[in-house]
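Everything on this sheet refers to the single structure shown next.
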Amino acid sequence: MENVIIIGSGPAGLTAAVYLSRAEMKPLVIAGTLPGGQLTQTTDIENFPGFIDPVNGFELMFNMQKQAERFGTKILNETVTSVSLSSGGPHEITLGSGEVKKAKSVIIATGASPRWLGLDSEQRLMNKGVTACATCDGAFYKNVPVVVLGGGDTAMEEAIFLTRFASKVTIIHRRDQLRASKIMGERAMKNPKIEIAWNSVVEDIVGENAVEGVRIKNVKTGEISTIECEGYFAALGHIPATELFKQFIDTDSQGYIDLKTNSSNTNMEGVFAAGDCADSVYRQAVSAAGMGCRAAMDVERFLEATE
Ligand code: NDP
């Protein structure tokens, strides 16, 4: 029986692991489908405190993992396929290998995954020009036009990054105002390789076996046009990875885990949550790390009280 299983290995999960392993709780981290989480797919991070110069997302997460391991955290590069949680525990976590792990407490730190428009053509052309990760795939689009969907910070960041490779980047946004922060929006708008198609929604992706263009509709004028491109980068925000837990854990209408006020406690005793899976508001690496710290301290108190 484990003291605590942490599901997820982004900043929330690994910060919880650092705290719990320093407290000699020997946490077990199930790293999940994307070890290190979303930050491993980002380029330079400029707003994580402690770094004067930008830090690479992959490097930051690699270091967090090493830091957690230094104090005795065990990390399994496995996915969780199902869980059976019961108030007060023990909790059962079934892994992709079929193995079942038991734990006195659980921290859910599963993060969130990219949102898609839900077009058939997105599925058909997935990884044939359709992607949600500029960092991973940007370099495949040298000297060709691409589009980026969305008006948030991610869309701006990805569009700016893509200008290193692409001949032109068109941001397609459904409104006439960006959701992105002013500084990121201005950086994108100042870039001569970036154009913004305002008030525009994607009708379909053109191309049978590869992306050849995107058909868009201007929602104000009704005008339909096609943007020629070879890459389609979705930056439409994220969906919390909480499906596995919904049978046991209360979530809000968007699927984010509900936490009790001023704590990381879920509705179930001994089950805690941290990071983007429980945060629809801030969703920052540093706020996720802070939530991981809180969850670790709550687990410590819970285990002390029950033993
Ligand atoms: P956001 O939720 O902030 O933005 C998602 C964008 O996608 C919005 O512009 C939204 O449009 C659009 N969108 C969503 N669904 C649809 C749809 N069905 N059709 C058309 N458009 C759609 O997500 P981000 O990933 O950009 O950012 C998440 C968080 O991470 C934010 O807090 C952000 O500030 C932060 N972040 C910070 C960075 C940094 O500081 N360096 C970098 C990246 C992210 P609409 O605006 O109309 O709702």
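Show the residues, 5+ positions off or on another chain, whose built amide H is closer than 5 Å to the amide H of T251.
D258
Determine the percent antiparallel among the DSSP beta bridges restricted to segment 163-307, to the nearest 5.
75
Restricting to segment 120-234, what percent of DSSP beta bridges are antiparallel, rounded to 5? Working shown, then result.
Values: 11 of 27 bridges.
So the antiparallel bridges amount to about 40 percent of the total.
Of all DSSP beta bridges in the chain, what percent run antiparallel (nearest 5)?
For the chain, the DSSP antiparallel bridge percentage is about 45.
What does the charge dipole of segment 143-200 about its Cα centre add up to, to the nearest 20 debye, if the Cβ of each Lys and Arg holds +1 and the Cβ of each Asp and Glu holds -1?
It comes to approximately 80 debye.
What FRET efficiency comes out for the pair S253/K66, r = Cβ-Cβ distance, R0 = 25 Å, nearest 0.05?
0.05
So for the pair C136, V219, with labels modelled 7 Å out along Cα→Cβ, what separation do we get in nm?
Roughly 2.8 nm, to one decimal.
Write out the cysteines belonging to the chain for which the nearest other cysteine Cβ is not under 4.7 Å, or none if no such cysteine exists.
Lone cysteines by the Cβ rule: C229, C277, C293.
Explain nothing, just the number: relative contact order of segment 75-158, from Cα pairs under 8 Å at least 6 residues apart, as a whole percent.
Worked out over segment 75-158, it gives 15 percent.
If I take every Cα pair under 8 Å that is 6 or more residues apart in segment 120-234, average their sequence separation and divide by the length, what percent do I get for the relative contact order?
31
So, R0 is 22 Å and r is the distance between the beta-carbons of N56 and K128; what FRET efficiency does that work out to, to 0.05?
0.20
Can you give the FRET efficiency to the nearest 0.05 for K260 and S84, using r as the Cβ-Cβ distance and R₀ = 30 Å?
0.85
What does the highest-first list of 206-219, 98-111, 56-69, 18-31 look like by mean Cβ count within 10 Å? Provide the component values of the computation, followed by the final result.
Details: 206-219: 16.3, 98-111: 22.9, 56-69: 17.8, 18-31: 21.1.
Put in order of decreasing packing, that is 98-111, 18-31, 56-69, 206-219.
What is the diffusion coefficient of segment 120-234 in µm²/s, taking the Kirkwood radius over Cα pairs and the Stokes-Einstein relation at 25 °C with a viscosity of 0.890 mPa s? Mind dumping the intermediate values first?
Numbers: Rh = 13.8 Å.
Diffusion coefficient, whole number: 178 µm²/s.
With charges set only on the Cβ (+1 for Lys and Arg, -1 for Asp and Glu), what does the dipole of segment 212-307 come to about its Cα centre, in debye to the nearest 20?
Dipole size: approximately 340 debye.
Under a Cβ-Cβ cut-off of 13 Å, what is the net charge of the residues other than I196 that fall near it, where Lys and Arg count +1 and Asp and Glu count -1?
Result for the neighbourhood of I196: +4.
Assign unit charges at the C-beta atoms only (+1 for Lys and Arg, -1 for Asp and Glu), then state the dipole size of segment 120-234 relative to its Cα centre in Debye, rounded to the nearest 20.
I would put it at about 420 debye.
Counting only C-alpha contacts under 8 Å and six or more residues apart, can you give the relative contact order of the chain as a whole percent? Numbers along the way, then the final one.
Working: 728 pairs, mean separation 63.9, N = 307.
It rounds to 21 percent for the chain.
Projected onto the charge dipole of the chain (+1 at Lys/Arg Cβ, -1 at Asp/Glu Cβ, origin at the Cα centre), which of A180, N127, V219 gives the Cα projection farthest towards the positive end?
A180
Quick one: go through segment 46-61 and flag any residue whose amide nitrogen is under 14 Å from the point 7 Å out along the Cα-to-Cβ line of I183.
Under 14 Å, as judged by backbone N against the label point of I183, lie 46-55 of segment 46-61.
Give the peptides 86-92, 265-271 in descending order of average Cβ contacts within 10 Å, highest first.
265-271, 86-92
Counting helices only, and only those DSSP H runs with n ≥ 4, report the 222 nm mean residue ellipticity of the chain as the sum of -39,500 (n - 2.57) divided by its residues, in deg cm²/dmol to the nearest 500.
Here the helix-only value at 222 nm equals -7500 deg cm²/dmol.
Laboratory data are not the source of any read-out in this text; all were calculated from the coordinates shown. Please read all numbers here as calculations on a predicted model, not as lab measurements. Cβ atoms come from the backbone with ideal geometry, glycine included; neighbour counts cover every protein chain shown.
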